[in-house]
Amino acid sequence: MKGTFPIDKFRTLDTPFYFYDTELLRKTLSTVNAEAGRHEGFVVHYAVKSNANPKILNIIREAGLGADCVSGGEIEAAIKAGFAPSGIVFAGVGKSDREIKLALDKEIFCFNVESVPELHVINELATQMGKTARVAFRINPNIGAHTHANITTGLAENKFGIAMHDMIQTIRCAEQLGNVKFIGLHFHIGSQILDMNDFTALCNRINELQEELAQAHISLEHINVGGGLGIDYQHPNHVPIPDFKSYFDTYAKHIKLRDGQKVHFELGRSITGQCGSLITRMLYVKQGTAKQFAIVDAGMTDLIRPALYHAYHRIENLCSDEPAEAYDVVGPICESSDVFAKQTELNKCHRGDLIAIRSAGAYGEIMASQYNCRPLPAGYTNEDLI
Ligand SMILES: *Cc1c(COP(=O)(O)O)cnc(C)c1O
């Protein structure tokens, strides 16, 4: 089974380009809202870093989600798209003075602070501006997620967050500062996580830390558990919407909340991943000595995940129903890692065929570069192509 696409429209467009199915995005968002909405105190933010296309941001804002930003540029993009500053959280190990001042000026909901030096700088800048910054501390829970090493973030060896044994001391430090207000803890253990046990492990860790805090008479209003829910890259047509029910139910079942506590989520990939495809044209079918290469006009500059993580993306030939053959699907970039798939089965390819590289809605367009002086591809939605 292949996805359904407006191929006649596609034929008239320059390739490569990103194509977004807004109907699927809206369905995904209503599933998120329905499943999170079944649990008291669950608040969902969208991780802007997965896709900041203004049309996508607009639809997500309409669905009522908050925004999780990791740079000043993302804060600006979110506000431009109409997200209320009161629903914006700001994470990142290296927030610059300019970014901190921007966030203070906009009075965002919360800084997810990743070190004591950062806390001092936020306090200092907030003092200068006559503001009080709400802060949560990002704690490194030392939990491994069953995902690619490059997208694991919650192990002691990773650069992110504050060590658990420094937690109480860091909170005490915030209590001494005049222009920051401690409101909670933040966690994020990694991305493309499909094993719910990883999230259960995080809940168990949070429960332990809450016990420790209770003994120190420290209470939390907010617990932010980050994002990381994965998508089915193998089966974008059969599983277009991730299992949000299991995801939120896992948290509801395992996290032990105190009275009035809110649980915040920061979902990126699971919201935008499946609604996007990278559409590219077949330039040449080249017979190599041992295999055949399908050379397309998109490259690692337009979708870097396969080159960066050896990530799998399903590839479909939208113009051929001829028997499948095995191809290495490669781009035109002067790098040996510019490969989308090795020995993958595609309906027999010809020059000019349109090819869809699926599940490219997250960490696709936003990670595009101009390496080799290539122009950045356009991003269209189905609504643009009517
Ligand atoms: C990347 C990131 C997210 C989103 O991760 P997904 O795997 O796309 O859901 C959430 N929170 C933080 C702090 C992040 O860095």
> Within segment 205-251, restricting attention to residues that are of a type in the set (S, T, N, Q) and more than 14 Å from the ligand (Cβ to nearest atom), which residue is farthest from Val44 (Cα to Cα)?
Replying inline: Gln215
> Do you know which of the residues in segment 133-179 that are at pLDDT 85 or above and among the acidic types (Asp, Glu) is farthest from the ligand (Cβ to nearest atom)?
Replying inline: Glu175
> Among helices (runs of 4 or more DSSP H) lying entirely in segment 1-92, which contain 1 or more residues that are more than 20 Å from the chain's Cα centre (by Cα)?
Replying inline: 7-11, 22-37
> If Arg205 passes every condition in (1) farther than 16 Å from Phe137 by Cα; (2) charged (D, E, K, R); (3) in a helix (DSSP H, G or I); (4) in contact (Cβ under 8 Å) with a residue 40 or more places away in the chain but one, which one does it miss?
Replying inline: (1)
> in contact (Cβ under 8 Å) with a residue 40 or more places away in the chain, closer than 16 Å to Leu318 by Cβ and not β-branched (Val, Ile, Thr) - does that describe any residue in segment 362-377?
Replying inline: no
>> Pull out all pairs, ordered by first then second residue, where Cβ-Cβ is under 8 Å, the residues are six or more apart or on different chains, the first lies in segment 287-310 and is within 18 Å of Asp353 (Cα to Cα), and the second is assigned to a loop (DSSP other than H, G, I, E, B) and charged (D, E, K, R).
In response: Gly299/Asp338; Gly299/Arg374
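Yes/no matrix, rows are residues, columns are (1) surrounded by fewer than 24 Cβ atoms within 10 Å (Cβ to Cβ); (2) within 30 Å of Arg374 (Cβ to Cβ); (3) aliphatic (A, V, I, L, M); (4) more than 16 Å from the ligand (Cβ to nearest atom):
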residue: Phe5; (1), (2), (3), (4): yes, yes, no, yes
residue: Asp8; (1), (2), (3), (4): yes, yes, no, yes
residue: Ala34; (1), (2), (3), (4): yes, no, yes, yes
residue: Arg38; (1), (2), (3), (4): yes, no, no, yes
residue: Ile60; (1), (2), (3), (4): no, yes, yes, no
residue: Gly72; (1), (2), (3), (4): yes, yes, no, no
residue: Glu99; (1), (2), (3), (4): yes, yes, no, no
residue: Leu102; (1), (2), (3), (4): yes, no, yes, yes
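Can you tell me which of Ile183, Ile206, Ile223, Ile231 is under 20 Å from the mean Cα position of the chain (by Cα), surrounded by 15 or more Cβ atoms within 10 Å (Cβ to Cβ) and within 23 Å of Ile88 (Cβ to Cβ)?
Just one listed residue meets the conditions, Ile223.
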> So, of the residues in segment 256-292 that are charged (D, E, K, R) and surrounded by fewer than 24 Cβ atoms within 10 Å (Cβ to Cβ), which turns out to be farthest from the ligand (Cβ to nearest atom)?
Replying inline: Lys286
> For segment 185-198, what are the residues that are out of contact with any strand residue (DSSP E or B) (no Cβ under 7 Å at 6 or more places or on another chain), hydrophobic (A, V, I, L, M, F, W, C) and within 13 Å of the ligand (Cβ to nearest atom)?
Replying inline: Ile189, Leu194
>> I'd like to verify a number: residues in segment 349-368 that are away from the ligand (no atom under 16 Å from the Cβ) and touching a Pro at 6+ places or on another chain (Cβ under 6 Å), how many?
In response: 1
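The values are calculated or read from the model by the stated rules, or taken from the named source; none is laboratory data. Here the structure is a predicted model, which means the values were calculated and not measured. Glycine also receives a Cβ, built like all others from the backbone with ideal geometry; neighbour counts cover every protein chain displayed.
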